[in-house]
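The values are calculated or read from the model by the stated rules, or taken from the named source; none is laboratory data. Since the structure is predicted, the reported quantities are computational estimates derived from the model, not experimental observations. Methodologically, a virtual Cβ is constructed for each residue, glycine included, from the backbone with ideal geometry; neighbour enumeration extends over all protein chains shown. Surface areas here come from the heavy atoms of the whole protein model, side chains and all, with no ligands, DNA or RNA. Shrake-Rupley method; radii C 1.70, N 1.55, O 1.52, S 1.80 Å.
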Amino acid sequence: MISPNYTAADEGITGTNTKKRDGFNRMIADAKAGKIDLILTKSISRFARNTVDTLQTVRELSTLKIEVIFEKEGIRTLDKQCEVMLTIMSSLAQEESRSISENVRWGMQKSMQDGNISLPYKRFLGYKKGEDGRPEIVPEEAEIIRDIYRMFLDGKTIRTIADILTERGIKTPGGKDRWSVSTVKSILSNEKYKGDALRQKTYTVDYLSKTVRKNNGEVKQYYVSNSHEAIIDEDTFNLVQAELERRSNFRSALRDNSIFSTKIICGECGYFYGRKVLHSNSKKHRKVVWYCNHRYDGDEKCASPSISESDIKKYYLEALEKLLSNKDSYITECQERLENEDVLVQLKETRQQAEISLEDLMAEIQGLVHENARKSQDQQKYRAKFNKFVQQIDEQKKRMAVLKAEELKLVGMREKLHRFIETLKNCKDATVFKEQEWNNLVERAVVKTESLDFEFKNGERIKITI
């Protein structure tokens, strides 16, 4: 019996290992089951480019008296003289695969160094491949992206955004009907939407296993600024990153998807207030109340008062009315604060200088390594120099991370002031509770025994007696 054609099943799949070659594995299984007694193969490289896999499979088949004929090399595996030749030939095939893999990797790295980028367009919302090969904005998809960012900055949770997109019938980047939290979060954190590109986020461990891992510094990454047209402006993107970081510390408080989550604070112990629905099955008596999460947590119970959601809205409107009474003054003050950019400019300059220093250190350590490779030297002294550079690089990276966090915080604060000004300008009265106004104006509300103290995003504090 001669094996049927199993090639098409493995078309386009790597031959460096047999794990993902379903057709190949099915053929071997059929051979072991006695359905095949002869296998014809064009060449060793088409059978397997891994020496170990080739020899192991051939030996298993030979034990069962099943012969494999490699047409190109003229090798018949039941021939007693074949194993040495097979070892040599399969090793050459493996080396060829390694060489191809290295060439592909070099080409990719060269492309990254040149600032070229590519996107998985079939699974990437907002862009398509343009005529020049570069990313081109798809207007209707870009508006979805902007809407996601707007909803997030308006205070909506990622879960709520995912549900809204699903309800609207908008397809995910992968063409699915239901949006997941991870998909929305990926869009909110992807630097490509601000026109930049971080290359080499993942890397292939080796050419045989093809195992792909997240790059945590094992191989060099390339950050390409202004690589293509942005959908989200840089300030908005940075503000979203700051908000993602802030919310990551309050995951438990964000489970109920409420606009009041992480904004209602206990004046006694500083814990967040949590939401509870009373008489949930009764339309007439249903009531939503907020109380300190520490009340039923720990040995020392918090005795702070509960407050109904309707009262929060009522007292907020009272505070908003007082804010509006001095509206023009608050707007002028905020605009003056935004005009003063000295601190931000200085912070950016300091961070840029730190980046230059890091590049210099990286160049020096590369020079040290190259010199050690070219000429003989005291390895103990070399290792001491190398470790010193590594320590300096680590310290510089930590310093840059701190500077970046400070810059991000300052940019976020300025963007909040922008949104505060625009919202306050458009706010005519305090008669109806509006979610967007609440999110853009209020930083937090502190519940005390006799008052609810509102802190607005311009720093103004207004106390309302309860």
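Each peptide among 126-134, 366-374 gets the average number of other Cβ atoms lying within 10 Å of its residues, and from highest to lowest they stand as 126-134, 366-374. Dipole magnitude for the stretch 279-393: about 820 debye, using +1 per Lys or Arg Cβ and -1 per Asp or Glu Cβ, origin at the Cα centre.
Can you send over the carbon and sulfur percentage of the accessible area for the stretch 404-466, probe radius 1.4 Å, protein chains only?
Values: 1490 of 3190 Å².
Carbon and sulfur atoms account for 47 percent of the accessible area of the stretch 404-466.
Projecting the Cα atoms of Q366, Q377, L323 onto the dipole axis of the stretch 300-453, where Lys and Arg carry +1 and Asp and Glu carry -1 at the beta carbon, places Q377 farthest toward the positive end. Listed by chain and number, the lysines whose C-alpha is less than 18 Å from the C-alpha of K287, apart from same-chain residues fewer than 8 away, are K276, K313, K314.
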